[in-house]
1. Using a 1.4 angstrom probe on heavy atoms only, work out the carbon and sulfur share of the accessible area of region 73-150 in %.
2. Full-extension gain between Q247 and T57, please, as 0.36 nm times their residue separation minus the C-alpha to C-alpha distance.
3. Might you tell me the accessible area per residue for region 62-140, computed with a 1.4 Å probe and given in Å²?
4. Under a straight-distance cross-link criterion of Cα-Cα below 14 Å, which aspartates and glutamates are reachable from K108, leaving out those fewer than 8 residues away in the same chain?
5. Taking amide hydrogens as modeled 1.01 Å from N in the peptide plane, which residues meet the under 5 Å criterion relative to L134, leaving out close sequence neighbours?
6. For region 119-209, rounded, prolate or oblate, judged on the Cα gyration tensor with a ≥ b ≥ c (square roots of eigenvalues), a/c < 1.5 rounded, else prolate if a/b > b/c?
7. Please calculate the 1.4 Å probe accessible area of L93, with all protein chains present, and give it to the nearest 10 Å².
8. Which whole-Hz couplings ³J(HN,Hα) result when phi for each residue of region 148-162 is put into the Karplus expression 6.51 cos²θ - 1.76 cosθ + 1.60, θ = phi - 60°, listed in order with x for Gly and Pro?
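The values are calculated or read from the model by the stated rules, or taken from the named source; none is laboratory data. Predicted model, so just to flag it, every value in this text is computed and none were measured. These accessible areas exclude ligands, DNA and RNA; they are computed on the full protein's heavy atoms, side chains included. Shrake-Rupley method; radii C 1.70, N 1.55, O 1.52, S 1.80 Å.
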Amino acid sequence: MTGSLLANSISYAIERKRILDELDETRRQQLEMKDRFLSHVSHELRSPLAAIHQFVTILLDGLAGEISSEQQRNLEIILRNVNQLKAMIDDLLDVTRAETGRLTLQPKCISLKDPILESYGTLRARAAQKGIFLSTNVPNDLPAVYADPARVYQILTNLIDNGIKFTPEKGTITVEARVFDEDPNLVCVTVSDTGYGISPEEKEKIFEYLYQGKDPLEASRKGLGLGLFICREFVSRHGGQIWVQSQLGRGSTF
């Protein structure tokens with residue numbers, strides 16, 4: 001009887017492992033298929049998007065002739081939407097690569113001041129258009145870090161862009177960097193805004209896949225809900241941590 005039970009247990013364990021292995025293989029194949037599909041679609045979409053971007057900028061620069069103020073406003077709307085669509089495609093690809101283990105980092109010794117100032121320069125005009133003051137505070141003696149500058153830039157632009165979305169006119173967004181108080185071997189970067197803030201319930205969810213927060217201005221909810229999920233992936237792959245401190249009506253600090 002004992003021998004029979006033992007044999008049945010071993011047989012059950014072997015069969016269970018076989019089923020789990022098959023499920024893992026099926027999931028791996030599905031993710032690879034998804035990655036190939038998105039890579040193909042993104043390639044097909046990038047070419048017409050690049051053409052639209054090129055010709056819209058030609059028109060905006062006046063290279064094809066003078067345009068009216070109304071035409072300029074309409075072209076600027078087109079350009080913003082083209083850039084938004086490109087960002088969505090990039091986010092989808094990054095998420096798929098993270099799922100399939102193909103998300104790569106190229107870390108090196110860098111000064112965080114460079115990606116901070118680069119992201120500031122990219123989004124300063126957009127913040128100003130909404131009447132938001134964007135500033136940076138990075139000490140000159142900030143230690144160098146070992147990180148991928150392109151991915152750090154992507155993290156910062158995601159966080160600043162979120163701040164712009166959820167901060168009302170005449171608000172402020174500040175990007176700061178300092179040696180981490182709790183561990184001198186780490187550098188802490190904060191992106192703070194004076195926006196609507198985040199409820200305690202939402203703070204537990206905002207870094208989840210496809211989650212979108214509730215915003216008093218529904219028009220500000222643009223995107224796929226992937227930005228903070230991607231930020232968390234990039235930060236964790238650098239061996240770091242990301243979190244948020246926030247109160248409703250008093251802004252947020254990431």
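1. With neighbouring chains kept in place, the figure for region 73-150 is 53 percent.
2. Value of the extension gain: 64.4 nm.
3. Value for region 62-140: 62 Å² per residue.
4. D148
5. Here the answer is I173, since their amide H atoms fall under 5 Å of that of L134.
6. Judged from the Cα gyration tensor, region 119-209 comes out oblate (a/c at least 1.5, b/c at or above a/b).
7. The accessible area comes out at roughly 10 Å².
8. 8, x, 5, 6, 4, 4, 5, 4, 5, 5, 4, 5, 5, 4, 4
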